[in-house]
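Have a look at the structure below, then the notes.
The values are calculated or read from the model by the stated rules, or taken from the named source; none is laboratory data. Fair warning: this is a prediction, and the values are worked out from it, not measured in the lab. Cβ: placed from backbone, ideal geometry, glycine included. Neighbour counts: every protein chain shown.
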Amino acid sequence: MYYSIARLLRQMRRRRRLGVMFILSVLALSVLGNTICFYYFERVVVPSVTVGDAFWYSAVSITTIGYGDLQATTLGARAATVIFIILTGLTAFTTAVGTLVEWVVDIREKEKLGMGTPTARGHLLVVNFPGEERVRQIIEEFSSDEQHKGREVVVVTDQLERLPFGMPNVSFVRGSPLERDTYTRASIKHASQAIILSTGYSDPRSDSFVASVAFVIESLNPNTKIVAECLNPRHAILFSSSEHVSLVYTISVANNLLVQEAQDPGVTTLAQAITSNEIEGTFASTLVDLQPVNTTNYDEVAKCLLDHNVNLVGIIRDGKPMLSFTGETCRLDDLLIYIDSQRRSWKELSAMFS
């Protein structure tokens, strides 16, 4: 059904393009014909008339502006005005304006229906649509960060006929998340990040579907950083073929927070604060991308950073978290996880303790 609609739309666009080309041709011939006639007949009685004057008279007449600074006084020029301006030109002009308005409306409508082709660059893809409130919250959270404010977001799903909400810089592409054509329309070659959501918490096949989507995106653009939602940690093996995918175990994290809040009230209040871009002082990460001095010890690093209101929480080394790093020295490709009001580069952090 979707592809039949898409084929019909392509045929309509092709016919519309031919119609527009014909109208513009008639419009150009009308202006050209009247310009030649006006210049030929009027310069007999007004020798100072130039080709530019003739073109100006034709243009302002065909657009119904009519400044009155020039006018046809000879029979030939008046006859040409009737033929080229009134009979053909005005008809072509009003038709062209109507077509332009219809074209703009059509683009807006296709965008709402997910049939358009967003011209996004460096954008975020949000794949799947498990619920309006959830998707909206994710986009709002992403866009609230200063670094990503104003970034374009493209929602990709075949579960909707129309995006149920309107937000600035948010586009919608309707199509299967497993099809190349869908991502071509979503400008996958220029996408910098992708968040792949589950199809639903009650769907037992969600993780396998999300893994397949991650594989498709990675094959189309290996430079896209992918964050995928995995409902069951035991299904992490499904993503083993994808090298640039970060997994978030949503249900496990939510369950852990529920238990911790029951055992230690207040934990979730802080967790909410440090995981939200809307509250100053959030989790941030920085990769050690410059070779550190061998004697740089994380104990000293943590103390120096704390003097600058940067709280070092842990280290990710070789994919494994280190919450206790006593005696550990900095290594290239370590990922520092810290709480700060902004994201900083390793060069900026190292300047605090060098």
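All but one of (1) closer than 17 Å to Q193 by Cα; (2) in a loop (DSSP other than H, G, I, E, B); (3) free of Cβ contacts under 8 Å to residues at least 12 places away in the same chain hold for S219; which doesn't? Going through (1) closer than 17 Å to Q193 by Cα; (2) in a loop (DSSP other than H, G, I, E, B); (3) free of Cβ contacts under 8 Å to residues at least 12 places away in the same chain one by one, S219 breaks only (2). Taking (1) in contact with a strand residue (DSSP E or B) (Cβ under 7 Å, 6 or more places away or on another chain); (2) over 13 Å from V126 (Cα atoms) in turn, A211 satisfies each apart from (1). When N309 is tested against (1) under 23 Å from A191 (Cβ atoms); (2) in contact with a strand residue (DSSP E or B) (Cβ under 8 Å, 6 or more places away or on another chain); (3) loosely packed, with under 14 Cβ neighbours inside 10 Å, just one condition goes unmet, and that condition is (1). For the range 133-172, filtered to residues that are of a type in the set (V, I, T) and either without any contact (Cβ under 8 Å) to a residue 24 or more places away in the chain or not in a strand (DSSP E or B) (or both), the residue that is surrounded by the most Cβ atoms within 10 Å (Cβ to Cβ) is V135.
Note on the range 45-64: residues that are closer than 15 Å to T94 by Cα and of a type in the set (V, I, T) amount to 4.
If the condition is being farther than 20 Å from K225 by Cβ and in contact (Cβ under 8 Å) with a residue 60 or more places away in the chain, then the range 177-203 contributes R185, T199, G200, Y201. Every test in (1) more than 17 Å from E348 (Cβ to Cβ); (2) in a helix (DSSP H, G or I) is passed by I279 save one, and that test is (2).
Quickly run through the range 144-166 and pick out the residues that are within 22 Å of T199 (Cβ to Cβ) and at pLDDT below 90. Of everything in the range 144-166, those that are within 22 Å of T199 (Cβ to Cβ) and at pLDDT below 90 turn out to be Q159, L160, E161, R162, L163, P164, F165. L270 falls short on exactly one of the conditions (1) of a type in the set (A, V, I, L, M, F, W, C); (2) more than 30 Å from the chain's Cα centre (by Cα); (3) crowded, with 16+ Cβ neighbours inside 10 Å, and that condition is (3). On the stretch given as the range 327-354, residues that are in contact with a strand residue (DSSP E or B) (Cβ under 9 Å, 6 or more places away or on another chain), farther than 19 Å from Q147 by Cα and among the aromatic types (F, W, Y) total 0. For the range 222-237, residues that are over 22 Å from L124 (Cβ atoms) and without any contact (Cβ under 8 Å) to a residue 24 or more places away in the chain total 4.
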